[in-house]
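J.: Right, I'll just put the structure down here and ask away after.
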Amino acid sequence: MRTLTRMARTPLGATALALLALVFVTAVVAPLLWGAQADVTDTGDLLAGPSAEHWVGTDNLGRDLLLRTLVATRLSVVLALSATAVAVGAGIILGVAPLLLGRVLGRVVTWFTGIAVAFPGLLLALFFAAIFGSTATAAVFAIGLAGAPSFARLCQNLIAGIEARDFIAAARVGGIGRVRVLFRHVLPNIAEPLIVNATVGAGGALLAFAGLSFIGLGVQPPEYDWGRLMMDGLRGIYSNPLAALAPGLAVVIAGLAFNLTGEAAARSLGIDDVTLTGARRVRRGRRLPAAPAPAPSTSDAGADAVLEVEDLRVDIPTAAGDVHAVRGVSFAVAAGEIVGIVGESGSGKSMTALAVAKLVSEPARVQAGTLRFLGEDLQAPTGPRMRRMLGTSMAMVFQDPMSSFNPTMRMGDQLAEVAVEHAGMRRRDALRRAVDRLAAVRITAPARRARQYPYEFSGGMRQRAMIGMGLMVSPRLIIADEPTTALDVTVQAQVLDLLRAIRDDDGAAILFISHDISVVAELCDRVLVMRSGEIVEELDATDLSSAQHPYTRALLAAVPHMGTDLDRPLATLASLTGTDAEPATQPEEATDAVPDTFPDAQEVRSR
């Protein structure tokens, strides 16, 4: 109703709705009022021209053409909508196939769709009509299948854009299967453009159906639609032009109504909360996993390692050859430890995190000597057991809090989905826990906030809610990929305090990724410094002032502080290391370019 109200407030929308209402009212009322009269024959008044008794004239059996045009509205509209439903249904099936079938079969479907789109729709409709036969039902499927490729291509393009959003990656790292991701997260977010295009497509289907009936491949006597009436009226076009023009004018008005409605809807249509109860699976009998006992922080992740990574490599094939995004990275994270990965943009920090979370998709290749999480080999195929472990024991906090949430779902529903899917909680219990988790991450009025949408949250609140989602099932490892980048310093401090409190209260290990070495120094126990896909130095956060590698020292020197000379340009990595390309092979090569004195760790933490 809100969408219709917004449409009615604009001249375009009001005109479109008025025309569409006229078409549907005529389709419902005309057969009831004039259905019998439209079939009455008058052999004494055959092929008569317009008169006071017959405004448009009569046909070769003396039937009133105006009444027949009005009565034909119902069949014409029903057939057009039926063909549109076939087109949308078949298009969605072809459109979602690449998401469900995987890379190889999905690419075949995409190729097939591209070839089908290259053919004109009317040519395809004639092709299918010749195969199915000359009936109204056959014409419905002919026009529907002819329009399916365009809907499939639209669906594929929309899905490709949605798949790149962080909330889809969050669902995947949460262990949500492809089918559930499709119905819960993908289809609701592409519904708006699909509805708009379906509305416009109905107008096109109406014109196509009239065309098939006009050439005798659609509706057959004794039934009649606008196309059939135009074909019959064409025989006497010179003696009575209105016999063909009247149904043609009806086609134009109805097609214009659908197209204008689609145009107006494109400007004002919004998607509210979409609840797919049929897609929800409530499993019982499993309790929420208990939080692990807190473990003391340690700088040596030995036998109690939560995450073990050795010789991790990520290669991305391109036309110019493979790009080695991550090259031989090795590290470990112990229970209760916060390990920071710091480096400039493009150093491979996020790609390392995505590889650990099994979010690197083809054609990129992930290889490692060892890649274990809680003792499980992450290089093994992702089955139900692996998805369950990742969904309950690993949490991912992405950099952009706005794209991390599904914009069509309420915040409480998004948090509750994790507990419903992996902990077997009832939806009502999961919603209560979602409210509790929002309160745990210091969001005020959590019960009210749980009923709101992501756009109603500020940036800091969305980031805290993202952390709350990760805490729905007490994770053993939290991967925070630059969670404070888009936040102001006050909210940034709150998020850092929250992560520290989570470590202290739940004993969770945290892999914290940032380009800001001062933030890493404040939060982390150990620091891994990455450059060009490699770890160039590893040291305790308290030992940053004694860093040996010139790149690490340059990162420290590039942090502005109260004593920074405002009359001089801010220091950059290129100016401090003498290069912004490959990492230095010998620390001594760039020593002269780096200042002799560096702030100690306490000063870095205070900046």
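The values are calculated or read from the model by the stated rules, or taken from the named source; none is laboratory data. Note that the structure is a prediction, hence the values are computed from the model and not measured. Virtual Cβ from ideal backbone geometry, glycine too; neighbours counted across all protein chains shown.
J.: Taking the range 462-477 on its own, how many of its residues are aliphatic (A, V, I, L, M) and modelled with pLDDT of 85 or more?
T.: 2
J.: State all residues of the range 103-125 that are surrounded by fewer than 18 Cβ atoms within 10 Å (Cβ to Cβ) and either closer than 16 Å to residue 213 by Cα or among the aromatic types (Phe, Trp, Tyr) (or both); if no residue qualifies, say none.
T.: Listed by number, the residues that qualify are 111, 112, 119, 122, 123.
J.: Restricting attention to the range 59-75, and to residues there that are closer than 11 Å to residue 243 by Cβ and of a type in the set (S, T, N, Q), which single residue is nearest to the chain's Cα centre (by Cα)?
T.: 69
J.: Got a sec? Which of 67, 75 is closer than 23 Å to residue 217 by Cα and either free of Cβ contacts under 8 Å to residues at least 24 places away in the same chain or in the same structural domain as residue 250 (by TED's automatic domain parsing) (or both)?
T.: From the options 67, 75, the qualifying one is 75.
J.: Based on this model, can you work out whether residue 385 counts as assigned to a helix (DSSP H, G or I) and either at positive phi or out of contact with any strand residue (DSSP E or B) (no Cβ under 6 Å at 6 or more places or on another chain) (or both)? Spell out how you get there, then give the answer.
T.: On the way: assigned to a helix (DSSP H, G or I): yes; either at positive phi or out of contact with any strand residue (DSSP E or B) (no Cβ under 6 Å at 6 or more places or on another chain) (or both): yes.
Spelling it out, residue 385 is indeed assigned to a helix (DSSP H, G or I) and either at positive phi or out of contact with any strand residue (DSSP E or B) (no Cβ under 6 Å at 6 or more places or on another chain) (or both).
J.: Could you tell me whether any residue of the range 113-121 is modelled with pLDDT under 90, assigned to a helix (DSSP H, G or I) and either touching a Phe, Trp or Tyr at 6+ places or on another chain (Cβ under 8 Å) or more than 20 Å from residue 158 (Cα to Cα) (or both)? Give the steps one after another, and end with the answer.
T.: Restricting attention to the range 113-121, the residues satisfying the condition of being modelled with pLDDT under 90 are 113-121.
Add one more test, that the residue is assigned to a helix (DSSP H, G or I), and what stays is 113-118, 121.
Among the residues that remain, those that are also either touching a Phe, Trp or Tyr at 6+ places or on another chain (Cβ under 8 Å) or more than 20 Å from residue 158 (Cα to Cα) (or both) are: 121.
Scanning the range 113-121, I find at least one residue that is modelled with pLDDT under 90, assigned to a helix (DSSP H, G or I) and either touching a Phe, Trp or Tyr at 6+ places or on another chain (Cβ under 8 Å) or more than 20 Å from residue 158 (Cα to Cα) (or both), so the answer is yes.
J.: Further, regarding this structure: Could you grab me the full set of residues in the range 515-532 that are of a type in the set (Gly, Ala, Ser) and surrounded by 24 or more Cβ atoms within 10 Å (Cβ to Cβ)?
T.: Listed by number, the list holds a single entry, 521.
J.: Could I ask something else about it? Among (1) within 25 Å of residue 84 (Cβ to Cβ); (2) modelled with pLDDT under 80, there is one condition residue 198 misses while meeting the rest; what is its number?
T.: Evaluating residue 198 over (1) within 25 Å of residue 84 (Cβ to Cβ); (2) modelled with pLDDT under 80 leaves (2) as the failure.
J.: Quick check on my filter: what residues within the range 328-346 are among the small types (Gly, Ala, Ser), out of contact with any Cys (no Cβ under 6 Å at 6 or more places or on another chain) and not in a loop (DSSP other than H, G, I, E, B)?
T.: If the condition is that a residue be among the small types (Gly, Ala, Ser), out of contact with any Cys (no Cβ under 6 Å at 6 or more places or on another chain) and not in a loop (DSSP other than H, G, I, E, B), then 328, 330, 332, 334 are the ones that fit.
J.: What is the one condition in (1) of a type in the set (A, V, I, L, M); (2) free of Cβ contacts under 8 Å to residues at least 12 places away in the same chain; (3) not in a helix (DSSP H, G or I) that residue 47 does not satisfy?
T.: All conditions are met except number (2).
J.: Let me confirm something: among 174, 218, which residue is modelled with pLDDT under 90, closer than 30 Å to residue 476 by Cα, in contact with an Asp or Glu (Cβ under 8 Å, 6 or more places away or on another chain) and among the small types (Gly, Ala, Ser)? Reasoning before the result, please.
T.: Working: 218 fails: closer than 30 Å to residue 476 by Cα.
Exactly one of 174, 218 is modelled with pLDDT under 90, closer than 30 Å to residue 476 by Cα, in contact with an Asp or Glu (Cβ under 8 Å, 6 or more places away or on another chain) and among the small types (Gly, Ala, Ser), namely 174.
J.: Failed condition for residue 391, given (1) more than 30 Å from residue 559 (Cα to Cα); (2) buried (at least 20 other Cβ atoms within 10 Å of the Cβ); (3) free of Cβ contacts under 8 Å to residues at least 60 places away in the same chain; (4) not hydroxyl-bearing (Ser, Thr, Tyr), with all others met?
T.: So residue 391 meets the others, but not (3).
J.: Name the residue that is farthest from the chain's Cα centre (by Cα), counting only residues in the range 3-41 that are of a type outside the set (A, V, I, L, M, F, W, C) and exposed (fewer than 15 other Cβ atoms within 10 Å of the Cβ).
T.: Per the stated criteria, the residue is 41.
J.: State whether one or more residues within the range 225-236 are of a type in the set (Gly, Ala, Ser), part of a loop (DSSP other than H, G, I, E, B) and at pLDDT below 90.
T.: Of the residues in the range 225-236, the ones of a type in the set (Gly, Ala, Ser) are 227, 233, 236.
If we keep only those that are part of a loop (DSSP other than H, G, I, E, B) as well, we get 236.
Then drop every residue that is not at pLDDT below 90, which leaves 236.
Yes, the range 225-236 contains at least one residue that is of a type in the set (Gly, Ala, Ser), part of a loop (DSSP other than H, G, I, E, B) and at pLDDT below 90.
J.: Taking the conditions exactly as written (without any contact (Cβ under 8 Å) to a residue 12 or more places away in the chain and either in a helix (DSSP H, G or I) or out of contact with any Pro (no Cβ under 8 Å at 6 or more places or on another chain) (or both)), does residue 161 satisfy them or not?
T.: Yes, satisfied.
J.: Just to check your reading of the model, which residue among 315, 311 is in the same structural domain as residue 541 (by TED's automatic domain parsing) and over 25 Å from residue 555 (Cβ atoms)?
T.: Numbers: 311 fails: over 25 Å from residue 555 (Cβ atoms).
One residue alone meets the criteria, 315.
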